[in-house]
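*Asks:* Dumping the structure here so I can ask a few things about it.
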Amino acid sequence: MRQRDIDEVVAELTSTAARLRNQGHSVRLLVTVNAPTDEVLYSVFTADSADTVAAACRSAGWPVDRIIGGVQTRLP
């Protein structure tokens, strides 16, 4: 995926999450990681439910292959 395409996806996901927050849902895009050799784009959200994340992605026109809850991260 080209950088411009990634930027457009991130902008749309961010905008969609903001619209859902305005409707009372708790959802925010935290980070997006592109893995071009695997043709995969990973996005990490914080949200009140997996359904809210799926709704944000669908509304942004981005397909959801799977959603994993309870992910934890640590930065060095």
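The values are calculated or read from the model by the stated rules, or taken from the named source; none is laboratory data. This one's a predicted model, so the numbers in the text were calculated from it and none came from an experiment. Every residue, glycine as well, gets a Cβ built from its backbone with ideal geometry; the counts of neighbours run over all protein chains shown. Heads up: the accessible areas ignore ligands, DNA and RNA and are worked out on the full protein's heavy atoms, side chains in. Shrake-Rupley method; radii C 1.70, N 1.55, O 1.52, S 1.80 Å.
*Asks:* Suppose only helical runs count, i.e. DSSP H with n ≥ 4. What mean residue ellipticity at 222 nm does that imply for the chain under -39500 (n - 2.57) per run, divided by all residues and rounded to the nearest 500 deg cm²/dmol?
*Replies:* So the helix-based figure for the chain works out to -13000 deg cm²/dmol.
*Asks:* All other residues with a Cβ under 10 Å from the Cβ of Ser59 taken together, and with Lys, Arg as +1 and Asp, Glu as -1, what is their net charge?
*Replies:* +1
*Asks:* Give me a comma-separated list of calculated 3J(HN,Hα) values for region 52-63, in order, Karplus coefficients 6.51, -1.76, 1.60 applied at θ = phi - 60°, integers in Hz, x for any Gly or Pro.
*Replies:* 5, 5, 4, 5, 4, 5, 4, 5, 7, x, 10, x
*Asks:* Let me ask another. How large is the accessible surface per residue of the chain, computed with a 1.4 Å probe and reported in Å² as a whole number?
*Replies:* 74 Å²
*Asks:* Then there is this: About the Cα centre of the chain, what is the dipole size in debye to 20, counting +1 per Lys and Arg Cβ and -1 per Asp and Glu Cβ, all else neutral?
*Replies:* In total the dipole reaches around 240 debye.
*Asks:* Hey, can you grab everything whose amide H is under 5 Å from the amide H of Phe45? Only 5+ residues off in sequence or another chain; H modelled, so Pro and N-termini drop out.
*Replies:* Leu30
*Asks:* Which value results when the Cα radius of gyration for the chain is divided by 2.2 N^0.38 Å?
*Replies:* Details: Rg = 12.3 Å, N = 76, 2.2 N^0.38 = 11.4 Å.
Ratio of Rg to 2.2 N^0.38 Å for the chain: 1.08.
*Asks:* What does the charge count near His25 come to, summing +1 for each Lys or Arg and -1 for each Asp or Glu among other residues with Cβ under 14 Å from its Cβ?
*Replies:* For residues surrounding His25, the net value is +2.
*Asks:* Trypsin sites (Lys or Arg not before Pro) within the chain: which are DSSP loop residues with at most 14 other Cβ atoms inside 10 Å?
*Replies:* Here the sparse-neighbourhood loop sites are Arg2, Arg66, Arg74.
*Asks:* Can I ask one more? Taking amide H atoms as placed 1.01 Å from N in the peptide plane, list the residues 5 or more away in sequence, or in a different chain, whose amide H sits under 5 Å from that of Ser26.
*Replies:* Asp48
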